[in-house]
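Derivation of every value follows stated rules applied to the coordinates shown; laboratory data play no part. Given the structure is predicted, the values throughout are model-derived calculations rather than measurements. Every residue, glycine as well, gets a Cβ built from its backbone with ideal geometry; the counts of neighbours run over all protein chains shown.
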């Protein structure tokens with residue numbers, strides 16, 4: 001049973017201790033996967049990020065409205081000088097779990113690690129980090145100043161660049177070199193000095209990760225004794241686990257949404273959409289699929305896919321059409337064209353066929369288009385055991401076949417797909433996953449040449465120029481131009497964002513505040529009442 005506390009008397013008032021809370025990764029996002037790294041500098045998936053952020057307090061906590069929540073931030077103030085080139089940061093008093101103060105020296109240590117890891121650093125290139133920095137110096141234990149090499153858009157840099165300087169414990173980690181830190185990224189014993197709400201006690205890849213409250217945490221206290229991330233293989237298993245009290249909450253599979261609302265003793269909570277989108281990533285660096293390098297082919301694929309059909313069938317109506325790199329909710333950063341629904345691509349099979357003909361493709365004997373003897377065919381990898389992705393892939397397959405494209409579907413484990421995507425560029429042709437975005441949705445890590453997440457060989461001098469404009473010039477004009485161009489380029493095929501609901505066991509509260517659409521969890525918001 002997920003909760004180990006004895007039943008509370010009906011007269012109990014106010015938040016009560018929950019005992020043990022057990023949840024899967026990926027709540028409100030989609031089917032979860034194993035946590036394989038606890039190091040915030042080395043995370044390659046949202047699920048690793050969720051675990052790491054339970055243990056380490058951010059320099060800047062960004063809320064669902066893309067604003068800084070100073071109550072959850074290590075920084076208490078950020079001021080800019082020199083037209084957005086210099087940033088002065090004040091830190092509030094904070095402590096590590098071993099009672100040592102968190103200081104500006106820990107921030108400088110984090111930056112040294114980022115530079116030492118280089119392109120192995122998970123945030124490399126986002127926010128211009130680390131190459132954009134000219135100098136970083138501490139005035140005293142509670143103040144530091146960062147000077148950039150050139151003037152930038154302050155809103156972009158604060159949200160995407162400065163926010164990466166999450167303090168890490170130099171006094172605990174400083175005796176290790178980067179190779180040793182890399183080797184220890186999934187070892188709980190290495191992560192006993194933290195400044196966030198929880199301390200990891202156990203990680204068994206493929207089974208679960210166990211955390212306990214940090215007794216010296218400077219924020220609100222936890223209302224539980226143990227917090228367990230349990231790695232389930234599918235959403236169906238998660239839902240059954242809530243009903244059997246092995247989990248305290250889980251994602252509700254879209255096809256079981258109506259049934260879940262009628263389950264006795266549990267509650268369905270619908271969450272705001274995460275700040276993300278699904279994507280079909282075409283591999284332009286694989287000789288077998290070099291046709292993806294032609295923007296007409298990519299646009300034709302986007303025009304062939306019926307997103308509304310995908311939302312109706314795969315998401316059971318719980319989705320939002322997405323045709324560009326800025327999610328439609330919240331609309332804070334949408335360009336005027338996107339707000340008006342004027343995208344350069346949209347469901348139009350006739351246009352898709354015309355684009356493919358213009359690109360030189362002609363129907364073969366079996367109806368599949370060919371060019372220079374090569375069939376317009378590829379294999380799409382999707383994470384195994386995820387009904388949503390399976391149904392999305394089936395919709396795409398049918399839509400593409402209707403315009404002469406042959407797409408096969410192959411399921412693999414999520415972490416194996418990530419490995420291939422990052423390290424084996426010749427091993428895959430296309431991948432269907434979701435992309436989670438930074439608080440300021442510029443594309444320097446996604447679509448710029450050399451960006452950490454640009455793993456499919458996409459390259460465009462114009463894209464690089466527009467991304468630079470969005471990051472270097474104050475205001476939103478650059479971001480607007482970038483997103484409109486990316487929508488026309490389809491460096492990945494943008495697919496609908498979904499709106500998840502979670503099944504929550506009776507008596508557990510605070511789920512809406514616990515979930516942040518930008519990815520971070522706030523475990524202090526969870527509490528229990530009598531059931």
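At a Förster radius of 35 Å, what calculated FRET efficiency corresponds to the Cβ-Cβ distance of residue 397 and residue 204, to the nearest 0.05? Before the final figure, lay out each step's value.
Details: r = 36 Å, r/R0 = 1.04.
Computed FRET efficiency for residue 397 and residue 204 comes out at 0.45.
Could you let me know the centre-to-centre spacing of the stretch 348-384 and the stretch 256-285, using Cα atoms, in angstrom? Here the two parts' Cα centres lie 31 Å apart.
In the stretch 70-173 the Cα-Cα distances spread across 10 Å bins starting at 0 as 15, 49, 32, 4 percent of all pairs.
In percent, what relative contact order does the stretch 54-179 have, based on Cα pairs under 8 Å that are 6 or more apart in sequence?
Numbers: 199 pairs, mean separation 38.7, N = 126.
So the answer I get is 31 percent.
Length gained on full extension, residue 141 to residue 512, computed as 0.36 nm times the residue gap minus the Cα-Cα distance: 130.0 nm.
Per DSSP H run of at least 4 residues, take -39500 (n - 2.57); add these up for the chain, divide by its residues and hand me the 222 nm value, nearest 500 deg cm²/dmol. Spell out each step's value before the answer.
Values: 15 runs with 132 residues, N = 531.
Helix-only estimate at 222 nm: -7000 deg cm²/dmol.
I want to verify the translational diffusion coefficient of the stretch 276-498 in µm²/s; compute it with Stokes-Einstein, Rh as the Kirkwood radius over Cα pairs, at 4 °C and 1.567 mPa s. My calculation gives 74 µm²/s for D.
I need the calculated FRET efficiency for the pair residue 365 and residue 309, taking r as the beta carbon distance and R₀ as 45 Å, to the nearest 0.05.
Numbers: r = 29 Å, r/R0 = 0.64.
In this case the efficiency is close to 0.95.
Peptides 198-208, 463-473, ordered by how many other C-beta atoms sit within 10 Å of their residues on average, highest first, read 463-473, 198-208. Taken as Cα centroids, the stretch 393-462 and the stretch 140-192 sit 28 Å apart, rounded to the nearest whole angstrom. Counting every pair of alpha carbons in the stretch 418-531, the share spaced more than 22 Å apart comes to 51 percent.
For the pair residue 342 and residue 81 in one chain, pulling the backbone fully straight at 0.36 nm per residue adds 90.2 nm over the alpha carbon distance.
For residue 131 and residue 412, what is the calculated FRET efficiency with R₀ set at 41 Å and r taken between the beta-carbons, to the nearest 0.05? Given R0 = 41 Å and the Cβ-Cβ separation, E is 0.75. In plain terms, the chain from residue 16 to residue 65 could stretch by 14.7 nm, reckoned as 0.36 nm per residue minus the Cα-Cα distance.
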